[in-house]
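Accompanying notes for the structure given below.
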Amino acid sequence: DGRLTFLPGNQIVDLPSINFMKRHGTVFLNAYTNSPICCPSRAAMWSGLFTHITESWNNFKGLDPDYVTWMDLMEKHGYHTQKFGKLDFTSGHHSVSNRVEAWTRDVNFLLRQEGRPMVKLTGHRKQLRVMEKDWRNTDKAVNWIKEEAVNFTQPFILYLGLNLPHPYPSPYAGENFGSSTFLTSPYWLEKVNYEAIKIPKWSSLSEMHPVDYYSSYTKNCTGEFTKEEVRNIRAFYYAMCAETDAMLGEIISALRDTGLLGKTIVIFTADHGELAMEHRQFYKMSMYEGSSHVPLLVMGPGLREQQQIPNVVSLVDIYPTMLDIARIPVPQNLSGYSLIPLLHEKAESEVSPRGARPSWVLSEFHGCNVNASVYMLRTGKWKYITYSDGSSVLPQLFDLTADPDELTNLAIKFPVTVHSLDKILRSIVNYPKVSSSVHEYNKQQFISWKQSLGQNYSSVIANLRWHQDWLKDQKKYENAIDKWL
């Protein structure tokens, strides 16, 4: 959650490496993902293109494996390149269940797709390493810096992708089957200031926006949660962020130990945030701030220290920024704009042949846990969210200055603002047409999958993650799918 990288968010948890980057570099106060879910978000970051252009509709459909990323271009121009950890930007990943849930989101049924969010304390007071796989990748990156990068005569680019602070599905049985678990050790939990944790205000289920209700239900969050449960989920999430911060610290220390820190640009960001029980949801897949607002910090030679940049930016800006750093000509067809002018406080028209960066950012979502394509435009104090064709589901409008918790939808109160923001959005993307394409894509993919199963279809679909709901009335749900098809 990007809000944790600046005040007052970071008073909740100790993040020394983030704070080091803030002291010695720049923090972007309004950075957003272009799609609040792993694969489509990463596809946007690696391609520099909006989701409707890459057609990375869900966690199964990302970039083509041979897509030329900014790292590929930097390698062509003489950079030593290395990638460790989570990449997740090409097609073909994630579970069958995850795919089917995305394809069937247009079907008129409500089924729980996630296990109820839970917390789990593991290890002991001195246990630093909880997420072993992420630590192994961090160790690989540290060793590469110390053994390889230090000897290079040409410049290098190192990418380290972590899974943290992502909750993970756990092997619980019964009602808690597959519960998404926030996991940490007492060592990290002690870094969290429990007193500072805010308990989010929840609307009653009847007052919720219909898409929010669908999301809350499919994420198994419509049941009763005590204040203690909610506080714990949030605390464990912050503790997982503290462990992530320690991995960032390992990279900064390795650069310092090898004498490379003074001549290396370090960028820290994320593919999406975490709602952590805000708006009666956990996970991402939402345009609310907890899910869509990401961290973005940059430090390095020639960059101002303790700089805070309020401009709205997004992950598609990484591609042109990396090329700008490497002095490689930036393709003109990109959705993003280089961050270098903002970092150097230059007038953008002086340095960019494309002219000034727009005053808005776009995010969109077409995957599971949300039963309509979603489009978000953030500009100035406004966040405008619209669904599918712009008329069949009510839009949302939030004034983030007056209402940072996004509790009051102003769409009906300010029709002129809605109209003008919708006009800007339609000038960027013909969103009713895109929604219709996604709808058709979902049908075709589902039909192909169904045909590939033959006689096994009924048994396979009944035993996906939603099996506890499905098996109560299997015929009803199969008929709903047939009607949709």
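Annotations for the structure displayed:
- Principal-axis tilt of helix 227-257 within the chain, Cα atoms, nearest 10 degrees: 30
- Considering only region 16-362, percent of DSSP beta bridges that pair antiparallel, nearest 5: 40
- Rolling a 1.4 Å probe over the protein heavy atoms leaves Thr181 with an accessible area of roughly 0 Å².
- Acute angle (nearest 10 degrees) that the helix 431-453 long axis makes with the longest principal axis of the chain, alpha-carbon atoms: 70
- C-alpha long axis of helix 38-47 to longest principal axis of the chain, angle in °: 40
- The loop-placed trypsin sites (Lys or Arg not before Pro) in region 431-485, going by DSSP, that have at most 15 neighbouring Cβ atoms within 10 Å of their Cβ come out as Lys472.
- Under the criterion of Cα pairs below 8 Å and six or more residues apart, the relative contact order for region 16-362 equals 29 percent.
- Projected onto their three principal axes, the Cα atoms of region 1-87 cover extents of 42, 33, 21 Å, largest first.
- Structure-derived Rg/Rh (Cα atoms, Kirkwood Rh) - corresponding label in (i) 0.95; (ii) 1.16; (iii) 1.04: (i)
- Estimated [θ] at 222 nm from DSSP helical runs (n ≥ 4, -39500 (n - 2.57)) normalised by residues in the chain, nearest 500: -10500 deg cm²/dmol
- Kirkwood hydrodynamic radius (C-alpha pairs) into Stokes-Einstein, region 249-377, 10 °C and 1.306 mPa s, D in µm²/s: 94
- Ranking by accessible area, most exposed first, for Glu243, Glu224 with a 1.4 Å probe: Glu224, Glu243
- Applying the criteria of a DSSP loop state and at most 10 other Cβ atoms within 10 Å to the GluC sites (Glu not before Pro) of region 317-412 yields Glu345.
The values are calculated or read from the model by the stated rules, or taken from the named source; none is laboratory data. Bear in mind the structure is a predicted one, so any value in this text is a computation, not a measurement. Don't worry about glycine lacking a Cβ; one is built from the backbone with ideal geometry, like all the others, and counts go over all protein chains shown. Areas reflect the complete protein model, heavy atoms only, side chains present, ligands, DNA and RNA absent. Shrake-Rupley method; radii C 1.70, N 1.55, O 1.52, S 1.80 Å.
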